[in-house]
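S.K.: Structure in structure tokens, see below.
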Amino acid sequence: MQAFYSDQFVLPLPDGHRFPMAKYALLRERLEQELPEWRLAPALPASAGELALVHHPAYIAAVAEGTLTPAQQREIGFPWSPAMAERALRSVGATLQACRAALSGSGLAANLAGGTHHAYADKGAGFCVFNDAAVAARVMQAEWGRRGEAWRRQPLRVAVIDLDVHQGNGTARIFQGDDSVFTLSLHGEKNFPFRKEASDCDIDLPDGCGDADYLAALEQGLAELERRFEPGLIIYLAGMDPHENDRLGRLKVTADGLEARDRRVFYWAWQRRIPLAMTMAGGYGRDIAVTVGLQVNSYRVALDYGRRWQALSAARA
């Protein structure tokens, strides 16, 4: 199984900044030590042309050239730097590579970062510069259409299953009214962003929501997705911020609950033989080692389903 990383680009953040930049390298190191079945590779940068399938050219240029206004930088939550711009390109590129790998026959691949779902077409927000899921969906649709005998193929339909604790407002806005992409979001009702956008399926969760209610809400969301949409690709935002010890999450989902969540999403995709690309999205644990441990467990669970895809590929060969 393939996974792609961009942790070599570290943002020079001020002391006390609440974004847990260190978790990405820690995750890669633990995967190398504990789960060597994951083949890790550095992410390639997304191109300006790929970004332009979603983002406004003026905004892409402002990020590349360092001309974001102070207000734009405050909304993103990061000061501009060359590393910030490069990391944003690589984070999108990693999701592109994971989607390509999943669609090429591996069935399952991952980005060790990504899940930058607060970015809109014309601006960034909430620690998100470019929207990796949105760009990946558009690029995969374009590449799918260029494959051989494309006239015989149905257009690629993409489901974004967003299980970060914060609503994917940028993704929802980008795809509003687009019947080729389905956006499903489970999120804290009273959490950021305080002005929500309309996803195809939004499920608001109350503060203090625990395992049973969270998993029931997930079943509701997957049932709605199945009733209304037939995807050819899933982009799964496996956020760790619903965890009970997350500083920003406000929910009470346990480690067991998050594992059950991951297993349900992977199994749902496997039952339908839908390729899936996973991104890590948010995770702001009081102890960064706890957050990284939760992420490692998502990769451990994913291996079970990756092996099923490998067996299927071997049987078809």
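S.K.: Just need a number here: residues in the range 165-197 that are closer than 24 Å to Arg138 by Cα and of a type in the set (Lys, Arg).
M.R.: Residues meeting the conditions: 2.
S.K.: For the range 134-155, check the following and say yes or no: at least one residue is in a loop (DSSP other than H, G, I, E, B) and open to solvent by less than 10 Å² (accessible area, probe 1.4 Å).
M.R.: Initially, the range 134-155 is screened for residues in a loop (DSSP other than H, G, I, E, B), giving 146-149, 153-155.
If we keep only those that are open to solvent by less than 10 Å² (accessible area, probe 1.4 Å) too, we end up with none.
For the range 134-155, residues in a loop (DSSP other than H, G, I, E, B) and open to solvent by less than 10 Å² (accessible area, probe 1.4 Å): absent.
S.K.: Go over the candidates Leu31, Leu89 one by one and state the one that is closer than 30 Å to Tyr305 by Cα, surrounded by 18 or more Cβ atoms within 10 Å (Cβ to Cβ) and either in contact with a strand residue (DSSP E or B) (Cβ under 8 Å, 6 or more places away or on another chain) or of a type in the set (D, E, K, R) (or both). Give the derivation first.
M.R.: Numbers: Leu89 fails: either in contact with a strand residue (DSSP E or B) (Cβ under 8 Å, 6 or more places away or on another chain) or of a type in the set (D, E, K, R) (or both).
The conditions single out Leu31.
S.K.: In the list Gly210, Gly232, which residue meets the criterion of being in contact with a Leu (Cβ under 9 Å, 6 or more places away or on another chain), open to solvent by 10 Å² or more (accessible area, probe 1.4 Å) and over 27 Å from Leu96 (Cβ atoms)? Working first, answer last.
M.R.: Values: Gly232 fails: over 27 Å from Leu96 (Cβ atoms).
Of Gly210, Gly232, the one residue that is in contact with a Leu (Cβ under 9 Å, 6 or more places away or on another chain), open to solvent by 10 Å² or more (accessible area, probe 1.4 Å) and over 27 Å from Leu96 (Cβ atoms) is Gly210.
S.K.: Could you count how many residues in the range 121-149 are under 15 Å from Ala85 (Cα atoms) and small (Gly, Ala, Ser)?
M.R.: The first filter runs over the range 121-149 and keeps only residues under 15 Å from Ala85 (Cα atoms), leaving 123-125, 127-132.
Retained after the next criterion (residues that are small (Gly, Ala, Ser)): 124-125.
Residues meeting the conditions: 2.
S.K.: Can I ask one more? With respect to Thr67, determine if the residue is under 21 Å from Gly126 (Cα atoms), open to solvent by less than 50 Å² (accessible area, probe 1.4 Å) and either in contact with a strand residue (DSSP E or B) (Cβ under 6 Å, 6 or more places away or on another chain) or modelled with pLDDT of 95 or more (or both). Working first, answer last.
M.R.: On the way: under 21 Å from Gly126 (Cα atoms): yes; open to solvent by less than 50 Å² (accessible area, probe 1.4 Å): no; either in contact with a strand residue (DSSP E or B) (Cβ under 6 Å, 6 or more places away or on another chain) or modelled with pLDDT of 95 or more (or both): yes.
Spelling it out, it is not the case that Thr67 is under 21 Å from Gly126 (Cα atoms), open to solvent by less than 50 Å² (accessible area, probe 1.4 Å) and either in contact with a strand residue (DSSP E or B) (Cβ under 6 Å, 6 or more places away or on another chain) or modelled with pLDDT of 95 or more (or both).
S.K.: Looking at Gly293, Gly306, which is the one that is under 19 Å from the mean Cα position of the chain (by Cα) and modelled with pLDDT under 95?
M.R.: Sole residue among the options that is under 19 Å from the mean Cα position of the chain (by Cα) and modelled with pLDDT under 95: Gly306.
S.K.: Here is a list: Thr183, Thr171. Which entry is in a helix (DSSP H, G or I) and either without any contact (Cβ under 8 Å) to a residue 24 or more places away in the chain or of a type in the set (Ser, Thr, Tyr) (or both)? Working first, answer last.
M.R.: Numbers: Thr183 fails: in a helix (DSSP H, G or I).
After ruling out the rest, the residue left standing is Thr171.
S.K.: Just a yes or no: is a residue in the range 279-286 assigned to a helix (DSSP H, G or I), basic (Lys, Arg) and surrounded by fewer than 22 Cβ atoms within 10 Å (Cβ to Cβ)? I'd like the intermediate steps shown before the answer.
M.R.: So in the range 279-286, the residues assigned to a helix (DSSP H, G or I) come out as none.
No: zero hits.
S.K.: If you don't mind, there's one more thing I want to ask. So Leu53 passes all but one of these: (1) open to solvent by less than 60 Å² (accessible area, probe 1.4 Å); (2) farther than 20 Å from Leu237 by Cα; (3) touching a residue at least 24 places away in the same chain (Cβ under 8 Å); (4) of a type in the set (A, V, I, L, M, F, W, C). Which condition number does it fail?
M.R.: That leaves (1) as the condition not met.
S.K.: Another question about this same structure. I'd like to know if the range 102-124 contains one or more residues that are without any contact (Cβ under 8 Å) to a residue 40 or more places away in the chain and either open to solvent by less than 20 Å² (accessible area, probe 1.4 Å) or closer than 16 Å to Ile234 by Cβ (or both).
M.R.: For the range 102-124, residues without any contact (Cβ under 8 Å) to a residue 40 or more places away in the chain and either open to solvent by less than 20 Å² (accessible area, probe 1.4 Å) or closer than 16 Å to Ile234 by Cβ (or both): present.
The values are calculated or read from the model by the stated rules, or taken from the named source; none is laboratory data. Remember, it's a predicted structure, so these values are computed and weren't measured experimentally. Using ideal geometry, Cβ is built from the backbone for each residue, glycine included, and neighbour counts are taken over all protein chains shown. Keep in mind that these areas ignore ligands, DNA and RNA; they rest on the heavy atoms of the full protein, side chains included. Shrake-Rupley method; radii C 1.70, N 1.55, O 1.52, S 1.80 Å.
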